[in-house]
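Structure, as structure tokens:
The values are calculated or read from the model by the stated rules, or taken from the named source; none is laboratory data. If you're wondering where the values come from, they're calculated on a predicted model, not measured in any experiment. Neighbour counts are summed over all protein chains in view; Cβ atoms, including those assigned to glycine, are modelled from backbone coordinates with ideal geometry.
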Amino acid sequence: MTTGTTALLAALVLVSIVGIWRWRRDGRIRAVRPVAASDAGVGTYETELGPALADLGLPVPADRRSVVQFTGPYCAICPQSRTLIERVLADHPGIPLVEVDASEHLSAAEVLGIRRTPTVFVLDDAGRPAHRGSGMPREDELRAALTLAERAR
Amino acid sequence: MSADTTVSAPHRPSPAQRAGWVDLRATRFAAWLTSVVLIAGLLTGNAWVLAAQTAVFGLGAFLGMRTSPYGRLFRALIAPRLGPATRREPEPPARFAQLVGFGFGAVATIGYLSGATVLGAVAAGLALAAALLNATTGFCLGCELYLLGTRIRARTTHDRSTPARTTVVRTSEGV
């Protein structure tokens with residue numbers, strides 16, 4: 001086997017690994033805080049309950065549930081992601097969608113660990129992140145997260 | 001509708017902003033063609049195949065995506081059959097990705113020409129991995145690097161909170 005063929009095969013293996021890893025993670029909506037066992041289907045426990053987004057200087061509601069989409073000037077799929085969220089939110093008339101340009105709120109984006117756009121948050125009734133995901137959101141998982149958000153009182 | 005929300009026009013790129021955007025299908029097509037050429041280069045070990053691909057990377061990086069031969073080929077042969085673009089992506093990150101490709105392509109070409117075959121094969125293999133990832137999954141490694149770079153640059157040059165520019169795009173009725 002020549003050096004070139006070896007490099008070719010190595011590249012194929014690398015692409016497969018990275019591709020599968022991304023395919024499994026992309027757009028997953030995960031719970032940010034512990035959820036009741038009966039709700040475990042929505043996602044896994046990820047991090048401590050974060051601060052209210054409004055406390056980070058972000059112009060988002062602090063007193064009601066909302067969906068926040070972080071966008072950026074070079075986000076190619078954000079318009080599509082937004083269309084998807086709007087479609088899902090049509091079934092949740094009490095929950096607004098707020099878009100924030102992450103490049104204009106860099107320190108908040110850093111605190112929240114936003115590395116990609118779009119990153120989507122489902123906020124609870126105190127404006128704290130309840131669920132989050134990066135990439136094109138998975139519609140079924142977003143729906144499940146919103147149903148949970150509405151059930152939590 | 002509550003008082004703290006404002007409804008504004010959808011935050012979609014204006015036609016002027018879209019001018020700097022390129023057809024997503026063209027970049028995917030270019031990524032496939034790039035992969036094929038790099039595979040051919042690796043299988044034959046022919047430095048000139050790699051040199052040609054490096055030149056294509058260079059055109060896209062230094063003169064813009066529209067000058068890239070692959071983009072021209074797409075517009076001439078394939079776009080007319082598919083109709084107008086429905087999805088676009090911003091050009092600067094894609095152009096930066098071509099620059100990254102140019103760097104790896106240049107190392108690969110020089111490696112093969114000078115007899116440093118292992119170095120050349122590794123560089124070409126990495127370029128192939130990035131191109132193939134873009135072609136198959138739409139994930140653009142060079143673009144992500146570009147975005148990382150702009151974030152770091154922005155953080156170091158003006159770390160300040162700017163006035164809010166947010167749009168509540170959909171508010172509820174009766175909340």
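Working carefully through the options A:PRO61, A:PRO79, A:PRO73, find the one that is part of a loop (DSSP other than H, G, I, E, B) and either surrounded by fewer than 19 Cβ atoms within 10 Å (Cβ to Cβ) or at pLDDT 95 or above (or both).
None of the others qualify; the one that does is A:PRO73.
Do the conditions hold for A:PRO129, that is, is it surrounded by fewer than 23 Cβ atoms within 10 Å (Cβ to Cβ), under 30 Å from B:LEU148 (Cα atoms) and away from chain B (no Cβ under 13 Å)?
yes
Looking at this structure, is B:GLY103 more than 16 Å from the chain's Cα centre (by Cα) and either among the hydrophobic types (A, V, I, L, M, F, W, C) or away from chain A (no Cβ under 14 Å) (or both)? Before you say what the answer is, go through the steps one by one.
Numbers: more than 16 Å from the chain's Cα centre (by Cα): no; either among the hydrophobic types (A, V, I, L, M, F, W, C) or away from chain A (no Cβ under 14 Å) (or both): yes.
No; evaluated as a whole, the condition is false for this residue.
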(request) May I ask you to verify whether B:ALA40 is buried (at least 20 other Cβ atoms within 10 Å of the Cβ), part of a helix (DSSP H, G or I) and among the small types (Gly, Ala, Ser)? (result) no
(request) Please go through the stretch B:121-167 and pick out each residue that is at the interface with chain A (Cβ under 8 Å from one of its Cβ atoms), modelled with pLDDT of 50 or more and more than 21 Å from the chain's Cα centre (by Cα). (result) B:ALA121, B:VAL122, B:ARG155
(request) With respect to A:ARG87, determine if the residue is more than 7 Å from chain B (Cβ to nearest Cβ), surrounded by fewer than 18 Cβ atoms within 10 Å (Cβ to Cβ) and at pLDDT 90 or above. (result) yes
(request) Sort through A:ASP124, A:ASP101 and tell me the only one that's touching a residue at least 40 places away in the same chain (Cβ under 8 Å), of a type in the set (D, E, K, R) and surrounded by 19 or more Cβ atoms within 10 Å (Cβ to Cβ). (result) A:ASP124
